[in-house]
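Everything below concerns the one structure shown next.
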Amino acid sequence: MKIENALKEGFLKLKQNNISSALLDSQLLMSKTIKRDQKFIILNSDKELKNCDYKYFKKLISHRARGKPVAYLTKIKSFWNYDFFLNDKVLIPRSDSELIVEQVLEVYKNKRIINFLEIGVGSGCLILSILKEKKFFSGIGIDISNHAIKICRINAKKLKIENRIKLFKSDIDNFNIGKYDLIISNPPYIKKLDFRGLKKDILNFEPWLALDGGLEGLSCFRKIIRKSSELIKKRGKLILEIACDQKRDVVKILRDNGFYINKVLRDLANNDRCIISTKI
């Protein structure tokens, strides 16, 4: 079978299963199958596909048709300027989270050296992207998941910055190492009652540990902000990602714990997404 025919077959199956990105997903899964980029696939669509590759492609399409995210099938997700390895033990990086990287680079554009902490590293996309951009920064990352720590280590090695990051398996309540110029976090913030409304590829495949923010979606924020007020240096920055309806509640928790609110940033959909605050 030719590549173009297999792509069409994959596209139609995904479309029949209400996958909105059917064409792109089919191309990405073909790239995974034959280990070539999308440009090659488009320019060589008339080439014959090996039988073993066709069978593997069909298997990937079937998984995607059942809702499994492309990133978990390809085991790669692009974030900022880099490709990150991941699997279904960690949350898939979202482009909205790049706001945190942007703001760190803006706030510290004139700083050569800082020591910072990420609470809940997941795949490492935030802390590692910052370390790649700022060659003299050093970072510490913590996560309660052994799987996340392992994947973050893999990505640090892949990006050749493993010597500039230290990782610890720890809950924030039990972490007492160091004082930081900056703390960042994209914590679980989905309300329990909102889980039913999630897309099936999120609800059925992404780790609940990285999504569940408790009854009000604020459980992790309370813990993180309270502990950050102890770990952060005076006039240090705490930068948090939030859900679009959490601005008022998170701002109150920050102020109650001695933080000044610098600004609240909106994402590309014009939703509140990121809060920058300073310890006073």
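The values are calculated or read from the model by the stated rules, or taken from the named source; none is laboratory data. All figures in this text were calculated on a predicted structure; none of them were measured in a lab. In this analysis, Cβ positions are derived from the backbone assuming ideal geometry, glycine residues included, and neighbour counts consider all displayed protein chains.
Go through the stretch 84-124 and give me each residue that's within 20 Å of R273 (Cα to Cα), part of a loop (DSSP other than H, G, I, E, B) and free of Cβ contacts under 8 Å to residues at least 24 places away in the same chain.
Residue satisfying the conditions is R94 alone.
Restricted to the stretch 206-242, and to residues that are within 29 Å of I113 (Cα to Cα) and among the acidic types (D, E), which residue is nearest to the chain's Cα centre (by Cα)?
For the stretch 206-242, the residue satisfying everything is E241.
Can you report the number of residues in the stretch 125-149 which are of a type outside the set (A, V, I, L, M) and outside any loop (DSSP other than H, G, I, E, B)?
Final tally of qualifying residues: 10.
Quick check on G141: is it out of contact with any Pro (no Cβ under 6 Å at 6 or more places or on another chain) and either aromatic (F, W, Y) or closer than 24 Å to K15 by Cα (or both)?
no
Of the residues L49, L60, L43, which single one is over 20 Å from S228 (Cβ atoms), under 23 Å from the mean Cα position of the chain (by Cα) and not assigned by TED's automatic domain parsing to the domain that holds F175? Even if it seems obvious, please write down each step before you answer.
Numbers: L49 fails: under 23 Å from the mean Cα position of the chain (by Cα); L43 fails: under 23 Å from the mean Cα position of the chain (by Cα).
One residue alone meets the criteria, L60.
Of the residues I127, I165, only one is closer than 21 Å to S277 by Cβ, buried (at least 18 other Cβ atoms within 10 Å of the Cβ), modelled with pLDDT of 95 or more and not small (G, A, S); which?
So the residue among I127, I165 that is closer than 21 Å to S277 by Cβ, buried (at least 18 other Cβ atoms within 10 Å of the Cβ), modelled with pLDDT of 95 or more and not small (G, A, S) is I127.
Please go through the stretch 154-205 and pick out each residue that is closer than 18 Å to V121 by Cβ, among the basic types (K, R) and assigned to a loop (DSSP other than H, G, I, E, B).
K160, the sole residue that qualifies.
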